[in-house]
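I have placed the structure first, in the form of structure tokens, so that the comments after it can refer back to it.
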Amino acid sequence: MVAQTQKKVIDAGARKLDHYQSRLPRWRFLLRERLIPIVRWETPILADLQERYRTAALDSYFAFTANLGTHTFFMIFLPILFWSGEVQLARAMINLLASGVFFSGFIKDTLCLPRPLSPPLQRITRSHSAALEYGFPSTHSTNAVSVVVYSLYSLNTTTRSIQPQLNIFLQFLIYAYLFSIVIGRLYCGMHGFFDVVTGSALGAILAVLQCMFEESFDIWILQSSVMNLAIFTLVVLVLVRVHPEPADDCPCYDDSVSFAGVIIGVQAGNWHFAQSGYASNDPIFGAIPFSLEEAGLVKATLRLLLGVVVVFAWRALAKPTLLIVLPPIFRVIEQLGLTLPRAFYLRASQYETVPNLRQDDNVIPQASEIPAMLSSLSHPRKRTVSIGPQSQADVYEAIAVRQRRRRDSEAAEKKLQAPPFTHDTTIEEDGETMRNESSPQTDVQQTHSNTKDNSLAVEDGDSEADKELFSRLQVPRVRYDVEVVTRLVVYFGIAWFSTEFNPILFEHIGLGMGKRPQ
């Protein structure tokens with residue numbers, strides 16, 4: 001069953017070329033048709049800039065700093081903020097990251113706009129999963145801008161005493177971070193100007209909303225009954241359900257579900273911890289008590305190490321357990337007609353068991369994958385340069401560009417064959433330019449004839465070339481319906497352990513600040 005599904009997913013060479021028109025609602029398809037010329041217009045400009053300014057040093061730098069804008073980096077870094085007592089900053093960053101990932105993914109799956117085409121661009125990256133997503137908007141840019149805007153706001157409104165020289169240095173680091181992420185997406189050929197500008201605008205909007213409503217939202221959640229928390233949870237789950245279906249097998253939805261679980265878990269953990277006697281009201285309501293001066297470096301380090309071990313232990317136990325327990329339950333629900341299936345996910349009735357899934361998580365990797373990640377980071381010059389389509393969306397865009405070039409070339413040739421008074425040298429030059437831009441990896445030989453046999457030969461050549469393009473793609477892994485609920489529960493637990501369980505555990509084993517319920 002699984003093998004058949006994989007073959008069906010990858011054997012897309014025989015699909016109709018009106019792929020997006022047949023798979024998307026009319027309004028989404030029309031909007032996509034309005035916007036995709038922007039992506040195509042940008043591509044040769046980006047390729048020219050990349051060729052002009054590329055160096056080995058910049059390749060390594062931008063490929064390395066791209067890690068600082070990934071989901072994995074934030075999900076490892078943010079729990080540390082909670083355990084270090086920086087609760088206000090951690091809450092804000094979780095809100096920004098979760099909303100940024102969700103809404104950028106929502107837009108990506110709505111419009112299904114491809115990344116700038118490769119070739120002519122070369123994609124420089126350390127992540128093999130990033131290229132599988134749609135390009136518009138840039139989630140890296142959304143996250144980077146939202147973090148930068150909020151950080152600058154916090155730096156200039158904090159009540160803490162910060163030396164002017166330190167303030168300037170921190171602002172320099174913040175702007176350097178922004179430059180590295182946003183410009184790096186363009187340099188690495190992963191996004192176009194349209195992607196990063198829109199992603200940056202989305203990030204700025206989310207950051208402004210966080211700055212404006214931060215205090216009132218925390219009060220609404222933390223200092224009220226469980227009803228407000230239930231309303232918030234329901235709104236998030238509804239958003240997860242109405243997340244649009246993509247036309248291609250895109251992993252954006254997986255990340256959106258993961259961060260939906262994170263933000264629900266953070267709010268639930270913060271709310272319950274604030275009601276307990278373990279919380280402090282200094283500097284804000286429901287803070288996790290911590291002072292580096294009182295704890296010392298050794299105790300602080302032990303807190304972080306234990307916290308990370310607990311989080312990975314929960315993930316290692318919860319995920320396989322849920323993947324065993326949930327399929328029978330989902331089959332019963334399916335028999336009752338209550339399922340809400342999504343494209344590219346197998347229903348529980350279509351499989352018996354869920355196999356051991358590896359490299360299936362773009363947010364937090366398995367513990368066994370950590371050594372390889374650390375080894376990669378320890379070699380900052382290591383990167384992967386990819387040329388050619390890497391996703392189904394890439395292939396469909398390559399086919400569409402090839403067809404457009406052929407139509408333009410045919411139109412130019414007809415102009416040339418017309419009577420002398422209709423001759424247009426500009427059209428001739430444009431047609432020649434389009435032929436010169438053709439790439440051997442995305443084009444087949446362009447031969448034109450008035451005979452029916454030659455016309456059929458071209459179509460057959462296209463079909464074979466299209467199948468060849470699809471055959472180069474990595475076979476997408478099979479997704480199972482139970483993974484959605486599994487992700488929600490696992491990432492809810494990760495957030496809850498980070499915000500409530502671990503802080504209470506620290507107090508009971510001597511790694512806390514001595515704060516106990518009265």
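The values are calculated or read from the model by the stated rules, or taken from the named source; none is laboratory data. Because the structure is a prediction, the values reported are computed rather than measured. Cβ: placed from backbone, ideal geometry, glycine included. Neighbour counts: every protein chain shown. For the accessible areas, the whole protein counts, side chains as well, though only heavy atoms, and no ligand, DNA or RNA atoms are used. Shrake-Rupley method; radii C 1.70, N 1.55, O 1.52, S 1.80 Å.
Just give me the residues in segment 76-90 being open to solvent by 10 Å² or more (accessible area, probe 1.4 Å) and within 23 Å of the chain's Cα centre (by Cα), in sequence order. Correct list: Ile76, Phe77, Pro79, Ile80, Leu81, Leu89. Screening Glu86 on (1) more than 30 Å from Leu511 (Cα to Cα); (2) at pLDDT below 90; (3) out of contact with any helix residue (DSSP H, G or I) (no Cβ under 7 Å at 6 or more places or on another chain) shows it passes everything except condition (1).
Matching residues to (1) in a helix (DSSP H, G or I); (2) within 23 Å of Val257 (Cβ to Cβ); (3) at pLDDT 90 or above; (4) not aromatic (Phe, Trp, Tyr):
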| position | (1), (2), (3), (4) |
| --- | --- |
| Leu46 | yes, no, yes, yes |
| Arg52 | yes, no, yes, yes |
| Ala63 | yes, no, no, yes |
| Ile76 | yes, yes, no, yes |
| Ile94 | yes, yes, yes, yes |
| Ser146 | yes, yes, yes, yes |
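Checking segment 19-31 against the condition returns a match, with at least one residue being free of Cβ contacts under 8 Å to residues at least 40 places away in the same chain, open to solvent by 70 Å² or more (accessible area, probe 1.4 Å) and in contact with a Phe, Trp or Tyr (Cβ under 7 Å, 6 or more places away or on another chain). Scan segment 259-278 for residues that are at pLDDT below 90 and over 15 Å from Ile219 (Cα atoms) and the total you get is 3. Residues in segment 268-309 that are within 23 Å of Asn95 (Cα to Cα), open to solvent by 10 Å² or more (accessible area, probe 1.4 Å) and part of a helix (DSSP H, G or I): 7 in all. The set of residues in segment 239-267 being open to solvent by 10 Å² or more (accessible area, probe 1.4 Å) and touching a Ser or Thr at 6+ places or on another chain (Cβ under 6 Å) consists of Pro244, Ile264. Restricting attention to segment 468-518, the residues that are more than 25 Å from Leu323 (Cβ to Cβ), surrounded by 15 or more Cβ atoms within 10 Å (Cβ to Cβ) and modelled with pLDDT under 85 add up to 6. Within segment 223-232, can one find any residue that is open to solvent by 70 Å² or more (accessible area, probe 1.4 Å), without any contact (Cβ under 8 Å) to a residue 12 or more places away in the chain, farther than 16 Å from Ala144 by Cβ and β-branched (Val, Ile, Thr)? So far as segment 223-232 goes, yes, one or more of its residues are open to solvent by 70 Å² or more (accessible area, probe 1.4 Å), without any contact (Cβ under 8 Å) to a residue 12 or more places away in the chain, farther than 16 Å from Ala144 by Cβ and β-branched (Val, Ile, Thr). Just one residue in the set Phe136, Phe217 is more than 16 Å from the chain's Cα centre (by Cα) and among the aromatic types (Phe, Trp, Tyr); that residue is Phe217.
Within segment 175-200, the set of residues being without any contact (Cβ under 8 Å) to a residue 60 or more places away in the chain and open to solvent by 30 Å² or more (accessible area, probe 1.4 Å) comprises Tyr175, Ala176, Leu178, Phe179, Val197. The set of residues in segment 313-329 that are open to solvent by 40 Å² or more (accessible area, probe 1.4 Å) and modelled with pLDDT of 90 or more comprises Ala313, Trp314, Leu317, Pro320, Thr321, Ile324, Val325, Pro328, Ile329.
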